[in-house]
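Undergrad: My structure is below; once you've seen it, I'll send some questions.
The values are calculated or read from the model by the stated rules, or taken from the named source; none is laboratory data. All values derive from a computational prediction rather than experimental measurement. Glycine gets a Cβ as well: all are built from the backbone with ideal geometry, and neighbour counts include every protein chain shown. For accessibility, only protein heavy atoms count, side chains too; no ligands or nucleic acids. Shrake-Rupley method; radii C 1.70, N 1.55, O 1.52, S 1.80 Å.
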Amino acid sequence: MKRFLLGRIAQTVPVLWATVTIAFVLIRLAPGGPFTDERNYTAESIQRLNAHYGLDDPVPVQYVRYLGRLLHGDLGPSFKYANRTVNEIIADTFPVSLQLGALALLFALAMGIPAGIVAALKPHSAWDNAVMTLALLGISMPSFVLGPLLVMFFSLRLGWLPASGWESWPDRVLPALTLGAVYAAYIARMSRAGMLEILPMDFVRTARAKGLGAAAVIVRHVLKPGMIPVVSFLGPATAGLVTGSFVVETLFHVPGMGSMFVVGAFNRDYSLVLGMVVFYSAVISIFNLGVDVALGAMDPRMRSHRRI
Amino acid sequence: MTLQPARTPPRLWHRFRRHRAAIAGLAVLGLISSASVFAPAFAPYPPDAQNLELGAAAPSTEHLLGTDVLGRDLLSRLLHGGRISLAVGVCGTLVSLIIGVGYGALSGYTGGRLDDIMMRVVDVLYALPFAVLVIVLMVVFGRNLVLMFVAIGAVEWLTMARIVRGQVLAIRQEPYVKAAQVLGFSHARILFLHVLPNVIGPVVVYTTLTVPRVILLEAFISFLGLGVQPPMSSWGLLIREGAETMDSFPWLMVFPGAELALALFALNFVGDGLRDALDPRFAGKT
Amino acid sequence: MRPDEWRGPLALACTLCAAVLSAGCGSRERPVDAASRQGVLLLGNLSEPKDLDPHVITGVSEFNIVSALLEGLVAEGPQDLAPEPGAAESWSVSDDGTVYTFTLRQNGLWSNGDPVTSADFMFSFRRMLSPELGSPYAYMLFGAKNAEAYHKGSITNFADVGFEAPDSRTVRITLNAPIPYFLSLLAHHSWFPVHQPTIRAHGAETTIGTAWTKPGSFVGNGPFVLKTWEPGNRIEVEVNDSYWDRARVKLNAIKFYPIGDHKIEERAFLAGQLHVTGTVPLDRISYYSSTRPELLRLNPYLGVYYYLFNVTKPPLNDVRVRRALSMSVNRGQIVRYVTKGGEDPAFCFTPPGAGKYSSSARLDEDAAGARALLASAGYPGGTNFPRIALLYNNSDAHARIAQSLRQMWTTQLGIDVELVNMEWKVYLDQTQSLKYDIARAGWIGDYADPNTFLDMWVTGGGNNRTGWSNRQYDILVSQAAAEPNTEERTRRFQQAEAILLEESPVMPIYFYRSKSLVHQSVRGWYSTILDRHPYKHVYLTPGG
């Protein structure tokens, strides 16, 4: 197990490198630079700025320098937000996104898994139909529709919760609900599907035949293998959740990473985008590793490597 | 449950036909798509005919679903927009389905080092900045709809691949797969005939989940300049525009949203029927 | 397994959700009401500032904050932005209008207690003009003698530039030629002073992006001091007790919220979280004007919305084609049914309110004339007209206008243009490198004078993204800049603008309005042509 973990952690190095390299090339290919503005900067101004940020060197030199700095954990200055470094921006925004993402995930799991299980136990029952209809509604309602609806109802009509902002606890409720809703719907449908795969299996019948109580059969035998698709889905989903959602952060004026990342791409804030990509890539790797470990624990058959 | 070769198409249809909701779903989907494909014949107005003085008007006998802010008939725009959205929904999902299932199955079935490498490639692709990717695609190759499918396919297959891999990892240890291996069947045959049919449930569900994502993703891509350009439209764009004005003109959000939801419900029933028809373990039931 | 065995966890989840929801319930005092009581102004500020260094910033959102923190030699009156004493208590002008002598006030202090001296201004002007800093707004100081030469590096001795400090309380500025709007110019952030020791403490004085602009470091001479800066969330400034006019400042603090999405800002306002919004969603204007007119402010704003023609490419290199396109647009319809914010249709380029100037020439709208022009250019009824593209950056408002134009051209001229919507930087790149046919654009004046609208179209001008060049136009604009006589100056600008309209490298559509929702407790918030609201005159009446 230890060797497996170490091996996987070692694998993140080439992953990070490949991600950074591709992203580096991509963002340089995009037209317009960080200092392309509605009002033309003079050629001299652009030259000064490029020199200041080292953008006047040949691109390969910049690339090597970037990797060198990266090794020291230095993500460089932001080009757009002149007095802040990318490290500072991530340090400011990640905790916000993490908090929002964790709340949304909690909500999604708390709603999605029980709903999916209940639905799977009595397929095509009224329960099932109700839950799955709700889930489908959740899926077909994008967050940029759901969010405003929640705001109109809870903030503007009832006046219970703030419409936007990120200062006190009530501020967290609506963004977390909006962000979590679609994931709850996904999880409900995927856990239902996963359970339905397992329930007809021979070992489940055997367990029932042995006289185990219905609940015991589910908890001991069905739940773990039945959740495999949900867990596979959760790796990337969680990584996406905790690193922020552009739409939800914009809808509720939440100062998180997701909106920074997209706005950074629009601003051609090269160092900000690259820094976020590095960070995001690391988070993805960690969560996918976590998922693989979890899958192995849930079902020994799932171990891709013998040596776990 | 033991060795279960895939069913031949006629039996498949036979089994599918017994699923009433699925048939209804198929009928609704057929209706929606033919209304869109033959939009020029059905649409009461040209989709780009403006009436600025009229502006956004609530549904009336003249304009059944109302008009948008430039006074264009929403029903006509919805019908025409469906052509793009259905094409994107079908093609984008198919691309992600084929790549995702093939890649995930190969990765999971082989396991070991190849699995590691393939999954790390997925990790790399997850982390790339999508907006930048779309902008670069557009600038390097120019604007066209095929590119949009490429962009969508490039992101949407990743999660599918991870899900399929997870399922296949579990199934490849099943006795019937081991048995097939002992019998000396080729890996391709085992993968296609014995492994894949048994992951069909989650695949069908995730596929039906992918369709709305793809349709809405198209709106974002169009926003970046790669996809559909005004005065053309799509469901995704109409919903997006509707959400922009939902405080003032709710019908502009409700009708496109309702049509998308209707299509998804229908699709979902079809998916259920398909899964029941394809999945070997539901052989004796229904 | 019965479903009811799972009702337990489900019920638990529901209870939790209900508990979370009810935590935020109850009849709370709305944030605006609490803030009005405490004298705190809550402002929507549209975008996150990229910096707060007055010599680096370029945007309106940045100015809105910096103008609370710093004060130039001259401040602005609350109603008409007329020059009034700021850091300088008085000034005199030489008879020929080229030498301004300012006397700094004795009690002018920085927020750390240091006196504001003429040396501070000398330092600031030098920093603003230094080639090393490369400030994009350095040209705002070019009216001063030799300032341009110093910025371009052709002279290196700052003593040769028209800025002098005969003693610690006197600032003397010598201009190349009289500038009628010079005093108003001084309220622009490029003329603001900065605190030399603070900047030096955080790095070289010409390094951009040092930490001197962060809370705790920032030292200013304005009515407010920087208290907190939570990026992407809000910036808070509180009253500066060492400000010379402290007695007049009634607000205790201002919070700036960078909410970029207009609908979300509006909902924050409706939920009682903002006193003033940065704008109003365009589809909501009719709602407010009919049901809540007391909240809505639509004021003339010194800006023009227009389209660029790329005159280097056929068919738009033909002035007849450009004029035909411009003449067949119904601007009245666009402002009435599309932009809907009370904008005025633009029949010339310089908006009203640019000093006392108004254009003597006027564009005409004449569909029949447009068809005749197009026919004489070789495209009768639009036949054989090449397929051209209309470029705009992605936004709902731009898309609507573009689609309306397309329709007008199709019906009036029989031509079909392709709409191309691009992400912002791609759009900028393509307009700057003339890779377009027709493109949308907008321009907000830097100061209330026609020069800020007309000098951009001179040959090779940095913002002249049309490829258009006219020798006579160039001469007229440069003559106007050096012309001491006001009437003569106006006449030359009018002649220049007539050429611009005749040649039509640009197609004005409408003149901007600033749009905002203002809570009824806000007082001293007036309509101004530059949409500036000097905060020391603003106050709140709780319960108003």
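Undergrad: Check every DSSP H run in chain A and write down those whose alpha carbon atoms cover 24 angstrom or more along the long axis and whose mean Kyte-Doolittle hydropathy is 1.6 or greater.
TA: A:86-121, A:270-298
Undergrad: What are the lysines whose alpha-carbon lies under 21 Å from the alpha-carbon of C:Lys250, with same-chain residues fewer than 8 places away excluded?
TA: C:Lys227, C:Lys536
Undergrad: Considering Cα pairs under 8 angstrom that are at least six residues apart, work out the relative contact order of chain A and quote it in whole percent.
TA: Relative contact order of chain A: 28 percent.
Undergrad: Order B:Phe42, C:Phe269 by their accessible area, 1.4 angstrom probe, all chains in place, largest first.
TA: These residues rank, largest area first, as B:Phe42, C:Phe269.
Undergrad: Name the residue from C:Pro85, C:Ala75, C:Phe123 whose Cα lies farthest towards the positive end of the charge dipole of region C:72-148, charges +1 on Cβ of Lys and Arg and -1 on Cβ of Asp and Glu.
TA: C:Phe123
Undergrad: Then there is this: Kindly provide the GluC sites (Glu not before Pro) of region C:251-313 that DSSP labels as loop, not H, G, I, E or B, and whose Cβ sees at most 16 other Cβ atoms within 10 Å.
TA: Passing both the DSSP loop test and the Cβ count: C:Glu294.
Undergrad: Whole angstrom only: what separates the Cα centroid of region A:103-119 from the Cα centroid of region C:129-182?
TA: What the calculation gives is 66 Å, centre to centre.
Undergrad: In Å², nearest 100, what accessible area do chains C and A bury in total when the solvent probe is 1.4 Å?
TA: 5400 Å²
Undergrad: List for region A:1-24: residues with 20 Å² or greater reduction in accessible area, all protein chains versus chain alone, probe 1.4 Å?
TA: At a threshold of 20 Å² (probe 1.4 Å), the residues of region A:1-24 that become less exposed are A:Arg8, A:Gln11, A:Val15, A:Thr19, A:Ile22.
Undergrad: If you don't mind, another one. How high is the relative contact order of region C:71-205? Use alpha-carbon pairs under 8 Å, at least six apart in sequence, and give a whole percent.
TA: 31 percent
Undergrad: Hydropathy first: keep DSSP H helices in chain B averaging at least -0.5 on Kyte-Doolittle, then drop any whose Cα extent along the axis falls short of 20 Å, and list what survives.
TA: Answer set is B:20-37, B:74-110, B:112-127, B:145-171, B:200-223, B:251-278.
Undergrad: Kindly flag which residue pairs out of C:Lys50/C:Lys515; C:Lys340/C:Lys425; C:Lys263/C:Lys340; C:Lys356/C:Lys515 have an alpha-carbon separation exceeding 18 Å in this structure.
TA: C:Lys50/C:Lys515; C:Lys340/C:Lys425; C:Lys356/C:Lys515
Undergrad: I'd like the residues of region A:124-153 whose 1.4 Å-probe accessible area shrinks by no less than 30 Å² going from the isolated chain to the full set of protein chains.
TA: Residues passing the criterion (a loss of at least 30 Å², heavy atoms only) are A:His124, A:Trp127, A:Leu136, A:Ile139, A:Ser140, A:Pro142, A:Phe144, A:Val145, A:Pro148, A:Met152.
Undergrad: Shifting gears a bit: For the protein assembly as shown, state the semi-axes of the equivalent ellipsoid (square roots of 5 times the eigenvalues of the alpha-carbon gyration tensor), sorted largest first and rounded to whole angstrom.
TA: Here the semi-axes work out to 57, 34, 28 Å.
Undergrad: While we're looking at this one, here's another question. Compute the Cα gyration tensor for chain B, then decide on rounded, prolate or oblate, letting a ≥ b ≥ c be the square roots of its eigenvalues: rounded whenever a/c is under 1.5, prolate when a/b is larger than b/c in the other cases, and oblate in all that remain.
TA: Judged from the Cα gyration tensor, chain B comes out oblate (a/c at least 1.5, b/c at or above a/b).
Undergrad: Keeping all protein chains in place, calculate the accessible area per residue for the protein assembly as shown (probe 1.4 angstrom), answer in Å².
TA: Per residue, the protein assembly as shown has an accessible area of 37 Å².
Undergrad: Applying 1/(1 + (r/R0)^6) with R0 = 41 Å to the Cβ-Cβ distance of A:Leu149 and C:Ser527, what FRET efficiency is obtained, to the nearest 0.05?
TA: It comes to 0.70.
Undergrad: Convex hull volume of the Cα atoms in chain C, per residue, in Å³?
TA: 200 Å³
Undergrad: Got the relative contact order for chain C handy, in percent, Cα pairs under 8 Å and 6 or more residues apart?
TA: Computed value for chain C: 19 percent relative contact order.
Undergrad: Determine the dipole magnitude for the protein assembly as shown: charges of +1 sit on the beta-carbon of Lys and Arg, -1 on that of Asp and Glu, nothing else is charged, the reference point is the Cα centre, and the result goes in debye to the nearest 20.
TA: The calculation lands at about 5160 debye.
Undergrad: Okay, next question. Counting only protein heavy atoms, what percent of the accessible surface of the protein assembly as shown is carbon or sulfur at a 1.4 Å probe?
TA: On the protein assembly as shown, the fraction of accessible area on carbon and sulfur atoms equals 60 percent.
Undergrad: If you build the convex hull over the alpha carbons only and average its shadow over all orientations, what do you get for region C:299-514? Give it in nm² to one decimal.
TA: 11.0 nm²
Undergrad: About the Cα centre of chain C, how large is the charge dipole given +1 on each Lys and Arg Cβ and -1 on each Asp and Glu Cβ? Please answer in debye to the nearest 20.
TA: 1160 debye
Undergrad: Dipole of region C:299-514 (Lys/Arg Cβ +1, Asp/Glu Cβ -1, origin at the Cα centre): which of C:Tyr305, C:Leu373, C:Ile475 lies farthest to the positive side?
TA: The one lying farthest along the dipole's positive direction is C:Leu373.
Undergrad: Mind checking how much accessible area B and A bury in total, 1.4 Å probe, in Å² rounded to 100?
TA: 5300 Å²
Undergrad: Checking buried surface per residue: for region A:35-68, which residues lose a minimum of 20 Å² accessible area in the protein assembly relative to the chain alone (1.4 Å probe)?
TA: Those are A:Thr36, A:Asp37, A:Glu38, A:Arg39, A:Asn40, A:Tyr41, A:Glu44, A:Ser45, A:Arg48, A:Leu49, A:His52, which lose 20 Å² or more relative to the chain on its own.
Undergrad: Can you give the accessible area buried between chains B and C, summed over both chains, with a 1.4 Å probe, in Å² to the nearest 100?
TA: Separately minus together, B and C give about 2200 Å² buried.
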